[in-house]
Amino acid sequence: SVPAEPFQVGQGLVMQGSSEVDCALLPADGGTAKYLLVALSAEFENDGNFQVTLGASGVAFQPVDGFQPSVRSSLDTRLRAFEQRLLARGLAVAPGPARTAQLFAQPQVGSTRQFWVINNLDSLDGDLGAADFDRVTATLEYVGVHSLLYVDDAAPAQGLTESDIQRLGDLYDHILYESDVDFFGEPSDLDNNDQVIILLSPTVNGLTPEGSEGIVVGFFFGLDLFDPSTPNCSDCQFSNDGELFYGLVPDPDGDFSDPRSRTFVNQVLPGVMIHETEHMINFNFKVFVNRLSVLEELWLSEGLAHMAEELGGDEADAAGDITAADNLYATNFGRAFQFLEDPSASSLTVVDGNGTLGERGAAWLFLRWLADQYGDFVFRDIVAAVENGVDNIETQTGEDFFRLFADWAVAMWADDLDIAGLADRYQVPKWQLRSILHADGQPDEYVLQPEQTTFSALRGGTIARFLAGSSPYYIELSADEATDLQLELIAAGNAGLAILRYE
């Protein structure tokens, strides 16, 4: 029986299929003990799905064929995949001497410039042509220390006001950009102007089909960091040759897609701007600094970009801009709710990058928990590393990823509970998740609701559930009899079980 000492309240135990700890004795304590069981599907490099069966004194995992949750490929997935294909071709992306010596004259407010803006997301799956882009003319509306903000001349009337643009530019310059640089590192500066170009265009609005559930608010496209004259790269001619963020514009009459109000655009743009700037920084370190031909794995790349939103919220809050802070925080909690409502349906380390809201919520929660263990500046080390994905996390923390995964999964349930002897490892001190994320229509109930069972029920039958690869399934187990319960882990794959005694 494991552990050797009596299983005390607040004590946790992690069993892994490949470890020596594969059996646990759970004391009943006269029928008063209560435990959290977290079945862990830990195929971190495999997007397959698994069936976990609990009962008859065992916990068994079995790979499942043909069970695949439906997911929608995201814009970020397609953009990063396109960039990866360019890198895989061995194209020279590091700036040469002639390019780094180039210095654009500082443009003045009111000046115009032409840009290529992609208008067809389906084209990202193949080679690009001129028909896949709009050639737009935009007017410079804001010049900042770190940004140049252009608005497409084709933007509908009743768009952003002069004060809106000033506020957006100032917010990016003094909070969003500086927060990203503080916590993740510098972006590249291929055009040698120390500024990120922000281009707001109705072409971005048009990327969202009318009536869609989701919306393309904005994006960074690594193609813009390839020299337009790169040999043997027909796609590169559409590069804007510099660091650029694309965003949507107000469209109150729905001329380009569904109507988008000025208020809505002001609310959603900052979060996407700081998110995509982090992608820009990540690209710089992988490609230009480390000279790699592979990008960060998408689950970690997206998690870092969502962390950028939270950290930007902290900076806005410290600056007294409560509205901006609330907007920057809100979307992460929405994604976290999606994950915690059904954790076993969302893969943390999803490899193919389908990127459901639940998966993105899992990645943000994991990195938030990781920062609580190692400090927020661990993200600079992660971004600057040559490793990717799981290997990157293990290198920067010096810990086995499975143990991190298991302890994080327990913390998602145990956080903000008054459990005697509970280690800090099983908490998320920055956010009291139970006080923020409530079940629908249940203001006093945490959104994460484990399945309920008892010692006798587990002895007399089985529980069989499906789990996505690298996801947790939660069960609250109550001792309803005086006889102790022994559990054995039987794993046909990389899997495990975390146990926390909480009463």
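In this rough spin-label picture, where each label sits 7 Å from Cα along the Cβ direction, the Gln158-Arg135 distance is 3.3 nm. Mean separation of Cα pairs under 8 Å and 6 or more residues apart, divided by the residue count, gives the range 417-503 a relative contact order of 25 percent. Using R₀ = 30 Å, calculate the FRET efficiency as 1/(1 + (r/R₀)^6) where r is the Cβ-Cβ separation of Val109 and Val289; round to 0.05. According to the calculation, E is roughly 0.35. Rounded, prolate or oblate, given the Cα gyration tensor of the range 250-320, with a/c below 1.5 counting as rounded? Taking the square roots of the gyration eigenvalues as a ≥ b ≥ c, the range 250-320 is oblate.
Among the chymotrypsin sites (Phe, Trp or Tyr not before Pro) in the range 396-473, none sits in a DSSP loop with a Cβ that has at most 14 other Cβ atoms within 10 Å. Could you tell me what % of all Cα pairs in the chain have separations over 32 Å? Percentage above 32 Å: 45. Of the beta bridges DSSP finds with both residues in the chain, what % are antiparallel, to the nearest 5? So the antiparallel bridges amount to about 75 percent of the total. Only one residue of Val249, Phe337, His279 has its Cα farthest out toward the positive end of the dipole of the range 248-368, where Lys and Arg carry +1 and Asp and Glu -1 on Cβ, and that residue is His279.
Sparse packing (at most 16 other Cβ atoms within 10 Å of the Cβ) combined with a DSSP loop state is found for the following GluC sites (Glu not before Pro) in the range 173-236: Glu210, Glu213.
Segment Ala81..Thr263, full-extension length gain: 62.3 nm, with 0.36 nm per residue of separation and the alpha-carbon distance subtracted.
Here the simple spin-label model places points 7 Å from the Cα toward Cβ, and for Ile436 and Thr395 these points are separated by 3.0 nm. Ranked by the mean number of other Cβ atoms within 10 Å per residue, highest first, peptides 311-320, 370-379 order as 311-320, 370-379.
Rounded to the nearest angstrom and listed largest first, the equivalent-ellipsoid semi-axes of the range 318-449 from its Cα gyration tensor are 23, 18, 17.
Of the residues Cys236, Cys23, ranked by 1.4 Å probe accessible area with the largest first, the sequence reads Cys23, Cys236. Less than 5 angstrom separates the built amide H of Ile215 from none of the residues sequence-distant by 5 or more or on a different chain. Helices of the chain meeting both criteria, an alpha-carbon length of 27 angstrom or more along the long axis and an average Kyte-Doolittle score not below -1.0, with helices taken as full DSSP H segments, are 262-283, 298-318, 322-341.
Under 20 Å from a label point set 7 Å out along the Cα-to-Cβ vector of Asn120, the amide N atoms of the range 221-265 belong to 221-224, 233-240, 256-257. For the range 120-239, a/c is not less than 1.5, where a ≥ b ≥ c are the root eigenvalues of the C-alpha gyration tensor, and a/b does not top b/c. That puts it in the oblate class.
The values are calculated or read from the model by the stated rules, or taken from the named source; none is laboratory data. Nothing here was measured: the structure is a model prediction, and the numbers come from that model. Neighbour counts run over all protein chains shown; Cβ positions are idealised from the backbone, glycine included. Remember, those area values only see protein heavy atoms, side chains included, never the ligands or the DNA or RNA. Shrake-Rupley method; radii C 1.70, N 1.55, O 1.52, S 1.80 Å.
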